[in-house]
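What follows is one structure encoded as structure tokens, with my remarks underneath.
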Amino acid sequence: MKKIKLICLGLIAVTIFSCKDAKKDHSHEGENADHSHAETESQYSLVADSTKASFTAYKTTDKIGVGGTFKTVNITKSNTGATALEALNGTEFSIPVSSLFTNDGTGTRDPKILEFFFGVMKNTELISGTLKTDGDKSSLEVTLNGETATVPLTTEKLADNKYTFTGIMNLEDWNALDAVASINKACEALHTGADGVSKTWSEVEIKGQVFLAKK
């Protein structure tokens, strides 16, 4: 009888420890599943060569818009994030001013802007900046004419993970009113409206468009 009792106790002990081990293994499986889920969580990243930068400047007292783009936008720093705006936060860029393009059929406007506007500024080979996003608020920190200032932005989400950012640069914030006066003088006749007044506005609307990949 003693031998039978010992055998029974032994079986019970084995069963108990086996159940505990099974629970532990099951627990680890859950942890591994959670870890695997975390690793496969979607991440967004900027598609650098999809970035576009454009602007609208204004002339005459009627504030007639003159649009243009920069054909080259170099992304110098990019991030990834769980959301598109999180990935865009802290994105740094530089734009060669020589990539200016205003689609002017006469071929005279772009050289004038480069010489009489950018050409009278300091350190204007490049326009550089940093995009900052915080929830539904966005801003652009821009360095131009040796000065750095911030432009509040309006954010619009388009289809297929595309976003546009628009804002108004007041060139006074970059101490660039001399450049405004210079281009106005160079284009005096073209910037004169029906009232006989020649005017180039210091406000410039800027627009950026980006596309993000999701993995």
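The values are calculated or read from the model by the stated rules, or taken from the named source; none is laboratory data. All of these numbers come straight from a predicted model, not from anything done at the bench. Note that each Cβ is placed from the backbone with ideal geometry, even for glycine, and that neighbours are counted across all protein chains shown. The protein model used for the area step is the full one, side chains on, heavy atoms only, and it has no ligands, DNA or RNA in it. Shrake-Rupley method; radii C 1.70, N 1.55, O 1.52, S 1.80 Å.
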Per-region count, segment 135-161, residues among the basic types (K, R) and either surrounded by 12 or more Cβ atoms within 10 Å (Cβ to Cβ) or more than 19 Å from K52 (Cα to Cα) (or both): 1
Qualifying residue in segment 104-126 (condition: under 19 Å from V180 (Cβ atoms) and assigned to a strand (DSSP E or B)): no
Of all residues in segment 46-57 being out of contact with any Leu (no Cβ under 6 Å at 6 or more places or on another chain) and assigned to a strand (DSSP E or B), the one that is surrounded by the fewest Cβ atoms within 10 Å (Cβ to Cβ): K52
Criterion violated by K132 - all others in (1) farther than 27 Å from K59 by Cβ; (2) open to solvent by less than 70 Å² (accessible area, probe 1.4 Å); (3) at pLDDT 95 or above satisfied: (2)
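Please find, within segment 58-78, the residue that is least open to solvent (accessible area, probe 1.4 Å) out of those that are outside any strand (DSSP E or B) and not hydroxyl-bearing (S, T, Y).
So, considering only residues that are outside any strand (DSSP E or B) and not hydroxyl-bearing (S, T, Y), the one least open to solvent (accessible area, probe 1.4 Å) is V73.
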Segment 89-112, residues that are closer than 28 Å to A213 by Cα and without any contact (Cβ under 8 Å) to a residue 24 or more places away in the chain: none
Leading residue by the ranking (most open to solvent (accessible area, probe 1.4 Å)) among those in segment 194-206 that are outside any strand (DSSP E or B) and not acidic (D, E): A194
Sole exception among (1) open to solvent by 50 Å² or more (accessible area, probe 1.4 Å); (2) at positive phi for E188, by number: (2)
Enumeration of residues in segment 85-103 that are outside any strand (DSSP E or B) and either β-branched (V, I, T) or open to solvent by less than 70 Å² (accessible area, probe 1.4 Å) (or both): L85, A87, L88, N89, G90, V97, S99, T102
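Residue-wise test of (1) part of a strand (DSSP E or B); (2) within 22 Å of the chain's Cα centre (by Cα); (3) at positive phi; (4) in contact (Cβ under 8 Å) with a residue 12 or more places away in the chain.
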| site | (1), (2), (3), (4) |
| --- | --- |
| L131 | yes, yes, no, yes |
| A159 | no, yes, no, no |
| T166 | yes, yes, no, yes |
| M169 | yes, yes, no, yes |
| V180 | no, no, no, yes |
| N184 | no, no, no, yes |
| G208 | yes, yes, no, yes |
| L212 | yes, yes, no, yes |
Subset of segment 74-88 (residues that are touching a Lys or Arg at 6+ places or on another chain (Cβ under 9 Å) and without any contact (Cβ under 8 Å) to a residue 40 or more places away in the chain): T80
Residues of segment 133-157 that turn out to be touching a helix residue (DSSP H, G or I) at 6+ places or on another chain (Cβ under 6 Å) and assigned to a strand (DSSP E or B), as a count: 4
